[in-house]
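Read through the structure below, which is laid out as structure tokens, and then see the notes.
Any read-out appearing in this document is the output of simple, stated calculations on the displayed coordinates, not a laboratory observation. Small disclaimer: the values here were computed from a predicted structure and weren't measured. Cβ: placed from backbone, ideal geometry, glycine included. Neighbour counts: every protein chain shown.
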Amino acid sequence: MENYDFDRIVERRGTDCVKWDGMERDFGRTDLLPFWVADMDFETPDFIRKALAERLAHPVYAYSLAPESYWESIIWWEKRLHGWEISRDSLTYIPGIVKGIGMVLQCFTQPGDGVVIQPPVYHPFRLVPQGMGREVLYNPLLPDGESYRMDFAGLEEICAGRKPKVLILSNPHNPGGIAWSKGTLAKVADICNEYGVLVVSDEIHADMPLFGHEIHSFATVSEAAAMNSICFGAPTKTFNIAGLVSSFAVVADPEIRNKFFSFLRAGELNDPTFIATTATRAAFSVEGDEWRRQMLHYVEGNIDYMDSYLKKNIPSIKALRPEASFLVWLDCRGIGLDQKALADLFINGAHLALNDGTMFGQGGEGHMRFNVGCPRALLREALERLGKALSAWFPGMVVD
């Protein structure tokens with residue numbers, strides 16, 4: 001068994017990556033350490049790079065078929081990790097999950113139709129329907145200690161009164177890192193099924209459970225969930241291959257499937273590139289599962305390190321311990337700054353690039369999202385920068 005090195009620092013500047021090369025555009029500075037974009041600073045696994053190199057060694061990059069082994073790798077992976085039995089006819093490629101959400105809205109809704117989201121939540125859930133002229137209906141999550149829970153009464157009220165067509169679900173939740181329980185998801189399914197609201201479940205982080213938590217695909221929690229949903233998945237977050245654009249949709253209900261798959265076929269939107277199929281087959285393998293396990297163990301160590309550091313040195317900032325993925329939701333309200341000053345502290349004080357909590361909508365005020373999918377040396381430097389910035393901005397604050 002190979003032991004992978006997640007401490008190795010990879011120079012990413014100059015590769016046109018958004019995370020490092022996009023900082024001047026988005027933050028107005030180039031001297032920041034970036035912890036914003038949701039990709040990792042770890043090397044893409046060597047077995048994926050090897051598979052791509054072998055395919056790219058062939059001198060012709062022409063139109064390609066999606067081999068059966070591509071579909072079989074997805075089916076095998078979902079059964080191995082989640083116990084989810086997927087039939088081949090329920091499965092299709094999509095060119096990215098945000099794009100997939102847009103395609104669902106084009107296929108199943110009209111301008112003016114209602115789309116439910118649960119803020120604070122991944123911002124394209126709001127931006128995509130808004131940009132398409134749909135009405136965004138908000139069912140905010142309720143604070144629950146150091147996490148959140150769903151407002152079922154509020155969801156039922158929206159569904160009964162506003163008659164939305166779609167609910168976009170973040171499963172597991174981004175930015176909160178919540179691995180929704182089976183009971184929670186089944187309750188969402190019951191409400192949406194009763195009122196004819198199609199559930200679109202974004203499960204791009206579903207292969208990254210942390211600290212013994214279990215992640216349930218929405219379609220597996222009940223018959224009502226399976227027959228009234230479109231579930232999106234991908235290897236891209238788990239294996240750090242987001243730039244290759246390889247995602248898939250699973251649709252169990254024949255009527256929903258026929259409508260959506262026909263829409264995709266009409267625009268040739270369901271044809272993967274050979275780059276996507278090659279990388280996915282390499283990722284969804286026994287070797288890929290071992291790399292995933294080691295990566296998650298390292299990420300858990302990063303979360304423990306951050307949590308311990310903040311409690312000891314910067315107790316005014318609290319890290320909500322995620323149950324999934326490599327994103328940590330920081331509660332900074334203890335500092336006492338408004339959001340503009342808080343962002344200024346991170347950017348111009350600590351020289352760190354994080355996601356501003358308000359971009360995730362209601363409930364994001366006073367928060368920042370921090371990506372800990374990085375070598376620990378970078379995480380350590382970031383926390384030290386933050387401590388020094390707080391000491392400079394608040395001379396009376398004790399920061400070791």
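Placing pseudo-labels 7 Å out from each Cα toward the beta carbon at residue 30 and residue 263 gives an inter-label distance of 4.3 nm.
Tell me the relative contact order for the chain as a rounded percent, counting alpha carbon contacts under 8 Å between residues six or more apart. After rounding, I find 22 percent. Checking the Cα-Cα distances for 182/259; 19/259; 79/318; 163/259; 163/340 against a 32 Å cut-off, the pairs over it are 19/259; 79/318; 163/340.
Could you work out the longest stretch of the chain that avoids the trypsin sites (Lys or Arg not before Pro) located in DSSP loops with at most 12 other Cβ atoms within 10 Å?
No qualifying site falls inside 30-400, the longest such stretch.
Put in order of Cβ neighbour count within 10 Å, fewest first, the listed residues 195, 148, 93 become 195, 148, 93.
Among 69, 246, 285, sorting on how many other beta-carbon atoms sit within 10 Å of each Cβ, with the fewest leading, yields 69, 285, 246.
Between residue 88 and residue 60, the FRET efficiency from the beta-carbon distance, with R0 = 45 Å, is close to 0.95.
Counting 0.36 nm for each residue step from residue 132 to residue 153 and taking away their Cα separation leaves a gain of 4.8 nm.
Quote the Stokes-Einstein diffusion coefficient, in whole µm² s⁻¹, for the chain, based on the Kirkwood radius over alpha carbon pairs, a temperature of 20 °C and a viscosity of 1.002 mPa s. For these conditions, the coefficient is 98 µm²/s.
The length gained on full extension between residue 388 and residue 287, counted as 0.36 nm times the residue separation minus their Cα-Cα distance, comes to 32.2 nm. Taking a straight Cα-Cα cut-off under 21 Å and skipping sequence neighbours fewer than 8 places away in the same chain, the lysines within cross-link reach of residue 312 are 388. Between 54, 365, 146, the Gaussian network model of the chain with springs among Cα atoms under 10 angstrom shows the greatest mean-square fluctuation at 54. Extension gain, residue 21-residue 1: 0.36 nm per intervening residue step, less the Cα-Cα distance, totals 3.7 nm. Per residue of the chain, the DSSP helices (runs of n ≥ 4 H) give a summed -39500 (n - 2.57) that works out to -12000 deg cm²/dmol at 222 nm.
Counted by neighbouring Cβ atoms within 10 Å, the residues 180, 76 run from fewest to most as 76, 180.
Suppose we take every Cα in the stretch 77-203 and form the convex hull; what volume per residue is that in Å³? Mind showing how you got there, number by number?
On the way: hull volume 15.2 nm³, N = 127.
That works out to 119 Å³ per residue.
First check a/c for the stretch 223-266, with a ≥ b ≥ c the square roots of the eigenvalues of its C-alpha gyration tensor; if it is under 1.5, answer rounded, and if not, answer prolate when a/b is larger than b/c or oblate otherwise. Oblate shape, in that a/c is at least 1.5 and b/c is the bigger or equal ratio.
Counting only the Cα atoms, the stretch 313-400 fills a convex hull of 95 Å³ per residue. Computed over the stretch 60-285, the alpha-carbon pair-distance distribution with 10 angstrom bins reads 8, 35, 38, 17, 3, 0, each value a whole percent. Each label point was placed 7 Å from the Cα along the Cα-to-Cβ direction; for residue 146 and residue 11 their separation is 3.9 nm.
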